[in-house]
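Throughout, read-outs are computed from the coordinates displayed, never taken from laboratory work. None of these values were measured; they are calculated from a predicted model. Here the Cβ positions follow ideal geometry from the backbone for every residue, glycine too, while neighbour counts run over all protein chains shown.
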Amino acid sequence: MSARAWIAFAAVSTLWGIPYLFIKVAVDDGVPPAFLAWVRVVLGGAVLLALAWSAGMLGPLRGRWRWLSIFAVIEIVIPFPLIAAGEQHVSSSLAAIIVAAAPLFVALLALRFDDDERVHGARLGGLLLGLAGVVALVGLDATGSGAELLGAGAVLLSAFCYAVGPMILKRQLADLDPRASMGGALAVAAVILTPAALIAPPAGTPSGEAIASLLVLGIFCTAAAFAFYGALVAEAGPGRALVITYIAPVVAVALGVAILGERPGAGAAAGLLLILAGSWLATGGRMPPRWRLPVVTRERTRSPRPERRAPAPPSHERVATPAPGARACAARRT
């Protein structure tokens, strides 16, 4: 795998593991989900479009706005507010673990729409294992109240959207520069989310922590993460690009426990293990060949081989060559 692909993988895994913490901080401070999503996409879109414009990459967006809009609705407009709304009722750790089911939805959708990602054999077993993890997670950790169950359902719907979006990106937009395609999608999402943000603004001025959370979400978790993510999908395909969900929930759970004092229950632990194991098997159980680091071997310095001499003729074919002294004696005798 190229250095660029490894950097994109590490960056997205981290940048999409930390948003759950900052979303939780913002919504607990009273920031409405739609307004939070709108701020994210406005900041992220402005940064990416500025970068794409400076690099001269906006031209290829002409004629691609239909698919950019579809991608924006599925990947941004629907899931961003839903995750924020869900985290009003469930912990950030639980939300991150539920989103880890996205590769399972990719595997399900591939049965109908994408032969490259289709599952069978061990991959099908991994799909069923992961779905069992989702059932265990929601059934054991999200049944405290109806609101909590609805919050988990909202996050699960977001995970489904996160499975559909990369498939659209792979088929229709993978040839575009990630800064341009993601910036354009975020701009479309900002326009669509503007009415909802105007209808439900924050009741008061957000706290400093909430404002800092919004800035981190917009600049790092949206602008930077989407740029890296577009490059990652182009390199590895949607199913394997979502391998980031193996690491992102671990980052999110660690931050939730360390900073927010969350204590995931038995269902969360069982669900996380089953979902990650199932997703790993469902997406092939290994990294694709082009992700593997090349094996570098040093060439051995060998001494030059001695030149081969022609084999000596058989003894009966050998002709005796007299020594110079013998030839002289023979000449004197004649």
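Take SER54, project a point 7 Å from its Cα along the Cβ direction, then tell me which residues of the stretch 168-206 have their backbone nitrogen under 20 Å from it.
Label zone hits: 177-187.
Once both labels are modelled 7 Å past Cα along the beta-carbon direction, what's the LEU157-ILE211 spacing in nm?
Calculated label separation equals 3.3 nm.
When you count, for each residue, the other Cβ atoms within 10 Å and take the mean per peptide, how do 145-156, 71-82 rank with the highest first? List each step's numbers first, then the result.
Numbers: 145-156: 18.2, 71-82: 23.7.
By packing density, highest mean first, the sequence is 71-82, 145-156.
Provide the packing ranking of 19-27, 259-267, i.e. peptides ordered by the mean count of other C-beta atoms within 10 Å per residue, highest first.
19-27, 259-267
Between VAL191 and ILE219, what is the label-point separation in nm under the 7 Å Cα-to-beta-carbon projection?
For the pair ILE219/VAL191, the computed spacing is 2.7 nm.
What per residue convex hull volume, in Å³, do the alpha-carbon atoms of the stretch 1-82 yield? It would help to have the intermediate numbers written out before the result.
Values: hull volume 10.2 nm³, N = 82.
Per residue, the Cα convex hull of the stretch 1-82 comes to 125 Å³.
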